[in-house]
1. Sort out which residues of segment 1-23 are modelled with pLDDT of 85 or more and surrounded by 12 or more Cβ atoms within 10 Å (Cβ to Cβ), and write them in order of number.
2. Which residue pairs have Cβ atoms closer than 6 Å, lie 6 or more positions apart in sequence or on different chains, and pair a first residue in segment 29-50 that is assigned to a helix (DSSP H, G or I) with a second residue that is among the aromatic types (Phe, Trp, Tyr) and surrounded by 11 or more Cβ atoms within 10 Å (Cβ to Cβ)?
3. Name the residue that is surrounded by the most Cβ atoms within 10 Å (Cβ to Cβ), counting only residues in segment 52-92 that are among the hydrophobic types (A, V, I, L, M, F, W, C) and closer than 18 Å to Asp20 by Cα.
4. What is the number of the single condition among (1) more than 11 Å from the chain's Cα centre (by Cα); (2) small (Gly, Ala, Ser); (3) surrounded by 11 or more Cβ atoms within 10 Å (Cβ to Cβ) that Ala42 does not meet?
5. Mind checking whether some residue in segment 24-36 is in contact with a Pro (Cβ under 6 Å, 6 or more places away or on another chain), surrounded by fewer than 16 Cβ atoms within 10 Å (Cβ to Cβ) and at pLDDT 90 or above?
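The values are calculated or read from the model by the stated rules, or taken from the named source; none is laboratory data. None of the values given here were measured: they were computed from a predicted structure. Because the Cβ atoms are built from the backbone with ideal geometry, glycine has one as well, and the counts that use them run over all protein chains shown.
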Amino acid sequence: MIISTSGLFFGCKVGPMQKDELIQMHTLLCQIKNHLQTTGVAGEHSFREYESLGISPVHVHRSKGEHKRAIFLLGKELAQFAAHGELSGPALVSNRFAQLAASRQVVATARL
């Protein structure tokens, strides 16, 4: 999925995003952030730069530019978290191997 606020989508020219569309995108990114924090995958302070803005999707009175900035910062922090956190490729592989090893240990113990 390609997300663009500049008006280009898959190489086709479309109009710039409207404020309500930006707020919808902001809401989606916040839901992802909240899910990561609620499930304990991300710490409470994992998104400090975004939270320092003091803007959330419910702040509909804020300007279109402020919502764009919030989207970009939150998107950046989500991407950094995914690249370096527990959701990165090597971390996912490592977690899966740990699960497989634990399940094999249970099977081996049961055979004894």
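1. Within segment 1-23, Lys19, Glu21, Leu22, Ile23 qualify.
2. Every condition considered, the pairs that remain are Lys33/Phe47.
3. Kept after step one, since they are among the hydrophobic types (A, V, I, L, M, F, W, C), are these residues of segment 52-92: 53, 55, 58, 60, 70-74, 78-79, 81-83, 87, 91-92.
Adding the requirement that they be closer than 18 Å to Asp20 by Cα leaves 55, 58, 60, 70-72, 74.
On the way: Ile55: 19, Val58: 11, Val60: 10, Ala70: 25, Ile71: 23, Phe72: 13, Leu74: 23.
Among those that are among the hydrophobic types (A, V, I, L, M, F, W, C) and closer than 18 Å to Asp20 by Cα, it is Ala70.
4. (1)
5. Yes, there is a match, as at least one residue in segment 24-36 is in contact with a Pro (Cβ under 6 Å, 6 or more places away or on another chain), surrounded by fewer than 16 Cβ atoms within 10 Å (Cβ to Cβ) and at pLDDT 90 or above.
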